[in-house]
1. Considering B:Gly40, B:Gly79, B:Gly36, which residue is more than 14 Å from chain A (Cβ to nearest Cβ) and touching a Pro at 6+ places or on another chain (Cβ under 9 Å)?
2. Considering region A:80-99 alone, what residues qualify as being within 16 Å of A:Glu32 (Cα to Cα) and small (Gly, Ala, Ser)?
3. Can you find a residue that is within 14 Å of chain A (Cβ to nearest Cβ) and either of a type in the set (A, V, I, L, M) or more than 13 Å from B:Leu32 (Cα to Cα) (or both) anywhere in region B:296-311?
4. In region B:344-362, how many residues are within 14 Å of chain A (Cβ to nearest Cβ) and hydroxyl-bearing (Ser, Thr, Tyr)?
5. Hand me the list of strands (runs of 3 or more DSSP E) wholly inside region A:167-257 holding 2 or more residues that are under 18 Å from A:Val118 (Cα atoms) and touching a strand residue (DSSP E or B) at 6+ places or on another chain (Cβ under 7 Å).
6. Going by what's in this entry, would B:His169 be described as modelled with pLDDT under 90 and under 30 Å from the mean Cα position of the chain (by Cα)?
7. Give the residues of region B:176-222 that are farther than 23 Å from B:Asp160 by Cα, assigned to a loop (DSSP other than H, G, I, E, B) and without any contact (Cβ under 8 Å) to a residue 40 or more places away in the chain, sorted by residue number.
8. Quick check on region A:123-139. Is at least one of its residues touching a His at 6+ places or on another chain (Cβ under 7 Å) and at the interface with chain B (Cβ under 10 Å from one of its Cβ atoms)?
Amino acid sequence: MSDTVHSGIDICDHDAREYSAETLVSAGETLEPILKSTNLWKIYQVGRVEVAALRGVDLEIFPGDFVSIMGPSGCGKSTLLHVIGGLARATRGKVLLDGNDLASMGDGSRTLLRRHKVGFVFQRFNLLPTLDARGNIALAQHIHGDGFDPHRFEVVTRMLGISDRLQHRPSELSGGEQQRVALARAIINEPKIVLADEPTGNLDTKNSENVLGFLRQLNKDLGQTIVMITHNPEAAAYGNRVLHMRDGIVVDGASAN
Amino acid sequence: MIRQMIMRNVMFRPVRTFITVIAVAVEVTLILMVVGLTSGMLSDTAKRIEGIGADIMVQPPSASIFMALSGAPMPIEIGQRLAQLKYVRTVAPVLLQFNSTNSLDLIYGIDPESFREVSGGFVFHEGHELQNPDDILVDDWYAKGRKVKVGDTLHVLGHDFHIAAIVEHGKGARLFVLMSTLQELAGAHDKASVFFVKCNQPEQTEKVMSAISGLLPHYEVRPLRDYLSLMTSSNLPGLQTVIRSMITMAAAIGFLVILLSMYTTIIERTREIGVLKSLGASRAYIVRVILSETTAMCVAGIVFGIAMSFGARALFLAVFPTLTILIAPWWIVRAAALAILGGWLGATYPAWIASRKDPVEALAYE
């Protein structure tokens, strides 16, 4: 498939054309996993040494899942998130995201796929410091290419309780508010899947509960598929499925019943 | 959205923006001032030559249109032979000499009577005609610039002259002395640098020129009505090279500052680029953001540079009233285009680096 992304919808995005996008394949409503990895390997070259961060991960995530991935530092959790989110390319194996094989895609196609199907939430929020909260959220809509949708914007910001904080820059917001803005940015384009990398890692207990509560609300009320990495068992318990990783593989719970 | 992001980025780093804008402004100012000074001086010289009122100018073979660059190789008797040609009303021989005492000035050694017949005579603001060997006439711009008045002593060509009059500008040079005096000082007895020829009937100029060419083969015979168009930097050997060199240097300043500015900003904003990539921004989008930001700073620099150029011109003219500085609209456009082009070239490499950053590494950047 190389650099071609398949879509079930028309992509009216100006940048999409440069990758000769056709149509996205969409997984079935509920029976097909929205994300499936098979024997997924990611090997980093560190000088002359090869370091395997992922060693054959098999994983299935279904639409509407809220999956927590736990494991010790260095077990490959973040690498897995980067690979299944299209930020990094797998060395071996297969990743199907909504029917698109990420492992065989080039950079341009993965970019297109991230834009239309994935929302990221990071531990350090990663908001642009020059833009206010409104600008940070609107930027995602702009890159998505469908233009500013005021109704969607209103619904998301009200749901996350940041409607009255939109004029503030990240430096003027608390950690919890910044993460809620980041969450709004991640879901503003209605992605197929939200990938959250330690979303509460930089928050105190109260703000952590808030953010986790919003994630659960998103999952339950809107059916948003979420994959969350965490060290914290209490945070992991917010998901409806918990996977454990060790030494680059998922040791339990990889497939849902 | 991109416009908002660019404006916020530019305002978010005011010192970097200020330095970049100033660098572009200096680039634009340098270009406009170098070109303005050269074209202004050439135009001023041409207008003064045209202001003499002659129809034809005769110079020795291979002489430059920039008369001061030629010596005084022509025997003065040539003038008498020219005066005998049909349709020639009068001939004014002029000896040219550059003065480098205290400053650079072109001095005309003239025969007052023939020069008056050709040019219609000086308009005297104050004083009288050249009468004594040590008399000198200065034009009003020179008098204003050097703050001299009638009766003062002027030291030029290693000789003390007495200012006999202040005359209206526009008659070839700014300083005039008797030809005999200048011949003495230059050691060019009975020699002239140029003959200005006035015709009885201006429409017969072509015929007179043909006659002169027949009489003096290989001599440079030029109609003065074309003089202004001939006075361009490209007709002066080396000047075009100097101008190009200055423009290249100015453009290099803009290019290097933009390159450095955008390169450091790319490094500083590595994580932001990672964020843009995680949101699905394409390489083209990131390049567009960088180049748009560069363009915004260049435009600010251009506006500031144009204002600085007019300010510098006003300052120069206040200090050196005899200068002419032409800031032509066409050159404003060219300087702006050069600044934008240099800016884009300078930003291209940083933009390319930014667009190719690995998103995972960029997001992990501290």
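1. B:Gly79
2. Across region A:80-99, the qualifying residue is only A:Gly99.
3. yes
4. Of the residues in region B:344-362, 1 are within 14 Å of chain A (Cβ to nearest Cβ) and hydroxyl-bearing (Ser, Thr, Tyr).
5. A:193-197, A:225-229
6. yes
7. Answer for region B:176-222, where residues must be farther than 23 Å from B:Asp160 by Cα, assigned to a loop (DSSP other than H, G, I, E, B) and without any contact (Cβ under 8 Å) to a residue 40 or more places away in the chain: just B:Pro217.
8. Yes: one or more hits.
The values are calculated or read from the model by the stated rules, or taken from the named source; none is laboratory data. Worth saying up front: this structure is predicted, and the values here are computed from it rather than measured. So basically every Cβ, Gly included, is an ideal-geometry build from the backbone, and we count neighbours across all protein chains shown.
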